[in-house]
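**Student:** The structure is given below, and queries will be raised subsequently.
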Amino acid sequence: MNLENYVIFKGTKDGVTVLFQEDASFEVLCEQLEKKVQEAGKFFDNVKTSLAFKGRTFSDEEEQQLLRIITDHTTMEITFLKTENNELVELTALLEKEMAPQNLTKFHKGSLRNGQKIEFDGSVVIIGDINPGAEIKATGNIIILGQLKGMAHAGCQGMIEAFIAAIYMAPVQLRIGDIITRFPDENKRGSKPAEYAFVQEGQIFVMPLS
Amino acid sequence: MSEVIVITSGKGGVGKTTTSANLGCGLAVLGKKVALVDADIGLRNLDVVMGLENRIVYDLVDVVEGNCRLKQALIKDKRYDGLFLLPAAQTRDKDAVSPEQMQKLCEGLKEEGFDYVIIDCPAGIEQGFKNAIAGADRAIVVTTPEVSAVRDADRIIGLLEANGLNDPMLILNRLRTDLVQRGEMMNIDDVTEILAVDILGVVPDDEAIVIATNKGEPAVSNQESRAGQAYRNIVQRILGQEVPFMSLEEQPVSFFEKLKGLFRH
């Protein structure tokens, strides 16, 4: 076991700085970081701070790995991450990919107008309308408690089991997984029941909900 | 030989998109291979006017950013062979594209073997305008016979010339012959006197255009529409043929129309 201090924690007025030795291998750094964090134990618990990595530059994956070591062993709440190239990275964005549970759902109240777009890793529920020209993209399911007149893309990373449901379904286009379908050109007016769209045998079907 | 034509105006709402759609269709009817490019990123309309909105998968920004190949983004028109649309992105803005990228895009379209590339320019003189004119060989300025539109057209012609697009052609859109005859609207001579450019065509105000636009079917194919006829003439002139300007005299009013008019007053 190497006793050299490859990882040093420092408190600064801007938050916590973690100093890494330049010549150590990444694995050793991870090991040391884990040990240090465990030793510090409750010291970092429930602390809200920004974090800076100094001493060497890491790739995005390495950064994420280091962050995960910290978040796995403490309840420290990291607001910002400052890296060697002095970029302030909003942490939520950085960790979102790794940390978002599969079944996360985003709720959005209000309509989406022409040109507005919602993209989300998970499912989306919209309480409002999707106007023509608006887009909604989700890796999971999409439920629209309103009129769907724009474009909806469910299962956008390939989840073919995803569905799209809307109170009034008259989209410009529907996409589930990598299947794209366009609605008939003629404008359907008048009332119809709520419908949902799903994929069967490589085609998108639309059925009444009840 | 392929040619890139930008349709521009400065002022909004004078009929750039309608003109682009009609000229594109008109050229395609005559067997030309035409690409319509919507440069109005964030406020796209050309796809709606063409009735192709629901076929969009990739757009101009996707091509420029390398998310897809140019061919994948081109939408084949549902009526005319040889007519294709490159739609604008709707959830982005004008800064998503640079003039250099537009230039490259136009080169790419020329290499695809299009006879004509028609670019629908956004209103204004900012980034969107600069993008739209970057790859153009020729410009068509659309204006209406209103003082404000003509003023903006003058500004645009100046900017076009400053960017090396000399001798733009003018389309005078939405002329109301009854108003001109009463001397209450600028006539063709008034406009050409101010702008001092060659006039490519005059399109009369026609409700068939409104109907056609709302249906997503360009009026150029409507044989009864006078505006459609005007667009067909303009297409001929673009192809280098001499076509006399159509008579803008009021057409004889039918008895029924007269009757309707009586009740209106």
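**Student:** Among all helices in chain A defined by DSSP H, which have a length of 18 Å or more along the axis from Cα atoms plus a Kyte-Doolittle mean of at least -0.5?
**Tutor:** A:26-40
**Student:** To continue, here is another question. Can you tell me the convex hull volume per residue for chain B, based on C-alpha atoms, in Å³ to the nearest whole number?
**Tutor:** Once divided by residue count, the hull of chain B is 134 Å³.
**Student:** Taking N as the number of residues in the protein assembly as shown, what value does Rg over Cα atoms divided by 2.2 N^0.38 Å take?
**Tutor:** After normalising by residue count via 2.2 N^0.38 Å, the value is 1.28.
**Student:** Apply the Karplus curve 6.51 cos²θ - 1.76 cosθ + 1.60, θ = phi - 60°, to the phi angles in segment B:49-56 and return the couplings in whole Hz, x for Gly and Pro.
**Tutor:** 4, 7, x, 10, 3, 7, 9, 6
**Student:** Out of the total accessible area of segment B:116-218 (probe 1.4 Å, heavy atoms of protein only), what percent is carbon and sulfur?
**Tutor:** In segment B:116-218, the share of accessible area belonging to carbon and sulfur is 43 percent.
**Student:** Using the Karplus equation 6.51 cos²θ - 1.76 cosθ + 1.60 (θ = phi - 60°), what ³J(HN,Hα) coupling, rounded to whole Hz, does each residue of segment A:136-142 give in order, writing x for Gly and Pro?
**Tutor:** 9, 10, 9, 6, x, 8, 10
**Student:** How large is the accessible surface per residue of chain B, computed with a 1.4 Å probe and reported in Å² as a whole number? Walk me through the intermediate numbers first.
**Tutor:** On the way: 12340 Å² over 265 residues.
In whole numbers, chain B has 47 Å² accessible per residue.
**Student:** Return the single residue from B:108, B:51, B:128 with maximal mean-square fluctuation; model: Gaussian network over chain B, springs between Cα atoms under 10 Å.
**Tutor:** Largest GNM mean-square fluctuation: B:108.
**Student:** Please report the net charge: other residues with Cβ closer than 15 Å to the Cβ of residue B:91, K and R +1, D and E -1.
**Tutor:** -4
**Student:** Right, another one. Between the helical axis of B:99-111 and the dominant principal axis of chain B, each derived from Cα atoms, what acute angle in degrees is found, rounded to the nearest 10?
**Tutor:** 90
**Student:** Have a look at segment B:75-94 and report residues whose accessible surface goes down by 40 Å² or more when the remaining protein chains are included, against the chain on its own, probe 1.4 Å, ligands and DNA/RNA excluded.
**Tutor:** B:90, B:91
**Student:** When N is the residue count of chain A, what does its C-alpha Rg come to as a fraction of 2.2 N^0.38 Å? Working shown, then result.
**Tutor:** On the way: Rg = 23.5 Å, N = 210, 2.2 N^0.38 = 16.8 Å.
Ratio of Cα Rg to 2.2 N^0.38 Å: 1.40.
**Student:** Further, regarding this structure: Pick from B:133, B:118, B:238 the residue whose mean-square fluctuation is largest in a GNM of chain B, springs joining Cα atoms under 10 Å.
**Tutor:** Evaluated over chain B, the most mobile residue of the options is B:238.
**Student:** So, with a 1.4 angstrom probe, what is the percent of accessible area on segment A:105-208 that is carbon and sulfur?
**Tutor:** Percent of accessible area from carbon and sulfur atoms in segment A:105-208: 49.
**Student:** Starting from the residue with the highest accessible area, list A:108, A:153 in decreasing order, probe 1.4 Å.
**Tutor:** Final ranking, largest accessible area leading: A:108, A:153.
**Student:** With a 1.4 Å probe and all protein chains left in place, how much accessible area per residue does chain A have, in Å²?
**Tutor:** That works out to 58 Å² per residue.
**Student:** Report the Cα-based extents of segment A:105-208 along its three principal axes, largest first, to the nearest Å.
**Tutor:** Extents along the principal axes, in whole Å: 33, 30, 22.
**Student:** Additional query: Cα axis of helix B:16-29 to longest principal axis of chain B: angle in degrees, 0 to 90, nearest 10?
**Tutor:** Between helix and principal axis, roughly 80 degrees.
**Student:** A 27 angstrom limit on the alpha carbon distance is what I want to check against. Which of B:32/B:215; A:48/A:117; A:109/A:137; A:36/A:82; B:11/B:110; A:106/A:149 exceed it? Please list the in-between numbers first.
**Tutor:** Numbers: B:32/B:215 24 Å; A:48/A:117 31 Å; A:109/A:137 16 Å; A:36/A:82 20 Å; B:11/B:110 29 Å; A:106/A:149 20 Å.
Long pairs (Cα-Cα over 27 Å): A:48/A:117; B:11/B:110.
**Student:** Per DSSP H run of n ≥ 4, the term is -39500 (n - 2.57); total these for chain B, divide by its residue number, and report the mean residue ellipticity at 222 nm rounded to 500 deg cm²/dmol. Present the calculation step by step, with values, prior to reporting the outcome.
**Tutor:** Values: 12 runs with 110 residues, N = 265.
Roughly -12000 deg cm²/dmol at 222 nm, from the helical runs in chain B.
**Student:** Moving to a separate point now. If one takes the accessible area of chain A alone plus chain B alone and subtracts that of the pair, with a 1.4 Å probe, what total in Å², rounded to the nearest 100, results?
**Tutor:** Roughly 1000 Å² of accessible surface disappears when A and B pair.
**Student:** Okay, next question. Taking H as built 1.01 Å from N, whose amide H comes closer than 5 Å to the amide H of residue A:125, not counting residues under 5 places away?
**Tutor:** Amide H neighbours of residue A:125, under 5 Å, 5+ apart: A:106, A:107, A:108, A:143.
**Student:** Right, next: Quick one: among B:48, B:63, B:243, which has the greatest mean-square fluctuation in a GNM of chain B with alpha-carbon springs under 10 angstrom?
**Tutor:** Ranking B:48, B:63, B:243 by mean-square fluctuation puts B:243 first.
**Student:** Here is a further query. Between the chain alone and the structure with every protein chain in place, find the residues of segment B:16-54 that drop at least 50 Å² of accessible area; heavy atoms, 1.4 Å probe.
**Tutor:** Those residues are B:53, B:54.
The values are calculated or read from the model by the stated rules, or taken from the named source; none is laboratory data. Keep in mind that what you see is a predicted model, and the values were worked out from it rather than measured. Counting neighbours? That spans all protein chains shown, and the Cβs are built from the backbone with ideal geometry, glycine included. We work out accessible area using only protein heavy atoms, side chains counted, and drop any ligands, DNA or RNA first. Shrake-Rupley method; radii C 1.70, N 1.55, O 1.52, S 1.80 Å.
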